[in-house]
Amino acid sequence: MSSRRSFLEKSILTAAGLMTTSRVSSLPKIPPTTQPSALVISTWNFGIPANKAAMEVLQKGGSALDAVEAGVMIVEADPISTSVGLGGFPDAEGDVTLDASIMNHEGQCGAVACLQHTLHPISVARAVMERTSHVLLVGEKARDFAHDLGFPKTNLLTKTAKTAWKEWKSNNPKWRQYSTDISNHDTIGMLAIDQQGNLSGACTTSGWAFKVPGRVGDSPIIGAGLYVDNEVGAATATGTGEEVIKICGSFLIVELMRQGYSPEEACVEAIRRIKKRNPGKPELFVGFLAINKAGEHGAFATKDGFEYALFQHEENKLFQGRY
Ligand code: SD4
């Protein structure tokens, strides 16, 4: 009896051991645990000046959280960019409505959606994180919150954006049938690692150009447009937010990295899922960026044209994302 028990115990242990071995050996790659140098990565070519501002913070020993906020604020305040903050294209009724989120290395996060008349939605998102018990404030009440904190009321509709909207409106008199289809792809999503090895991220946009009023995209949805897990990595998205929301894109990528995927492999898998759900839509654009704790990065998109800016090892350079 006792020898049979010991045989059974041995068999169970062996089986468990085998299971562990085969599970581990099927994992793609375990990221190295050495401390990476400071890094900033962000979407699109406006990521270059944004990265520069963020890296200045990191080089002074600042936190990744301060860095990503300072970085994306550059683009929010730039009237030339028609997809973020000031100068962003408005909704179908001509109102500029902004979405933003921020997340730190402690897993704290804050966001605003459909926020109007506020130059720096990312800072309001940060205030939601730091000053309230909530994660997401929306619409007029989010603006009231910003007002209470002293964020000035700002007209965000530039002449250029107003002209573009008027032209769109005259060509789309039936927009109330709710089929707006001009997707504006240039959200800024930024991820950073500071000198302490901590991760943070930020994401801010005026969203889909001429969208149905009230529309909220992926950018302020934690886990969709942005996710940070300081033990594993971080991810952010740009492109058609509806498709990012449907797969919980940034959260998915971080979870894949937790299972051993490299940042690039995780982005590839997220894009594969989006493409699988959208057969016959070659024009659909979504792009993801990801970093892991080791300072490795990945970028992948549904189609060509995805650019991202990486500031690492003293160099701030623009790259083409694979697709
Ligand atoms: C969003 N991802 O709001 C953002 C940007 C966008 O089409 O509008 N892309 O969905």
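The values are calculated or read from the model by the stated rules, or taken from the named source; none is laboratory data. Just so it is clear, the structure is predicted and the values come from calculations on it, not from any experiment. Positions of Cβ are backbone-derived with ideal geometry, glycine not excepted, and every protein chain shown enters the neighbour counts. Please note that ligands, DNA and RNA were not included when accessible areas were found on the heavy atoms of the full protein model with its side chains. Shrake-Rupley method; radii C 1.70, N 1.55, O 1.52, S 1.80 Å.
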Quiz prompt | Farthest positive-ward along the chain dipole, Cα basis, beta-carbon charges - from 266, 217, 129 | solution = 266
Quiz item: Mean 1/r over all different Cα pairs, inverted: what Kirkwood radius does the chain give, in Å?
Solution: 20.2 Å
Self-check item: Packing rank of 49-59, 93-103, 131-141, where each peptide gets the mean count of other beta carbons within 10 Å, highest leading
Solution: 93-103, 49-59, 131-141
Quiz item: With every protein chain present, what is the per residue accessible area of the stretch 37-320 (1.4 Å probe, Å²)?
Solution: 40 Å²
Quiz item: Which value in deg cm²/dmol, rounded to the nearest 500, describes the helix-derived mean residue ellipticity at 222 nm for the chain, given -39,500 (n - 2.57) per DSSP H run of n ≥ 4 and division by the residue count?
Solution: -11500 deg cm²/dmol
Quiz item: Ordering 80, 74, 247 from largest to smallest accessible area (1.4 angstrom probe), what's the sequence?
Solution: 80, 74, 247
Quiz item: Size of the dipole of the chain about the Cα centre, Lys and Arg at +1 and Asp and Glu at -1 on the beta carbon, nothing else charged, in debye to 20?
Solution: 1020 debye
Exercise. For residue 95 paired with residue 131, estimate the spin-label separation in nm (one decimal), with each label point 7 Å from Cα along the Cα-to-Cβ line.
Key: 2.2 nm
Quiz item: Between residue 106 and residue 318, what is the FRET efficiency for a Förster distance of 45 Å, r being their Cβ-Cβ separation, to the nearest 0.05?
Solution: 0.90
Exercise. With springs connecting C-alpha atoms under 10 Å apart, model the chain as a Gaussian network and identify which of 117, 147, 105 has the largest mean-square fluctuation.
Key: 147
Quiz item: Angle between the Cα long axis of helix 139-148 and the longest principal axis of the chain, 0 to 90 degrees, nearest 10?
Solution: 80 degrees
Exercise. Taking all pairs of distinct Cα atoms, average 1/r, flip it, and tell me the Kirkwood hydrodynamic radius of the stretch 257-296 in Å to one decimal place.
Key: 11.2 Å
Self-check item: Dipole magnitude of the stretch 125-176, debye to nearest 20 (Cβ charges: Lys/Arg +1, Asp/Glu -1, about Cα centre)
Solution: 360 debye
Quiz item: Which FRET efficiency, nearest 0.05, do residue 144 and residue 169 yield, Cβ-Cβ r, R0 41 Å?
Solution: 0.90
Quiz item: residue 154 to residue 59: extension gain in nm, 0.36 nm per residue of separation minus the Cα-Cα distance?
Solution: 31.1 nm
Exercise. Note the full-extension length gain between residue 162 and residue 281 as 0.36 nm times their separation in residues minus their Cα-Cα distance, in nm to one decimal.
Key: 39.9 nm
Quiz item: Considering only protein heavy atoms and a 1.4 Å probe, what is the carbon-and-sulfur percentage of the accessible area of the stretch 37-320?
Solution: 51 percent
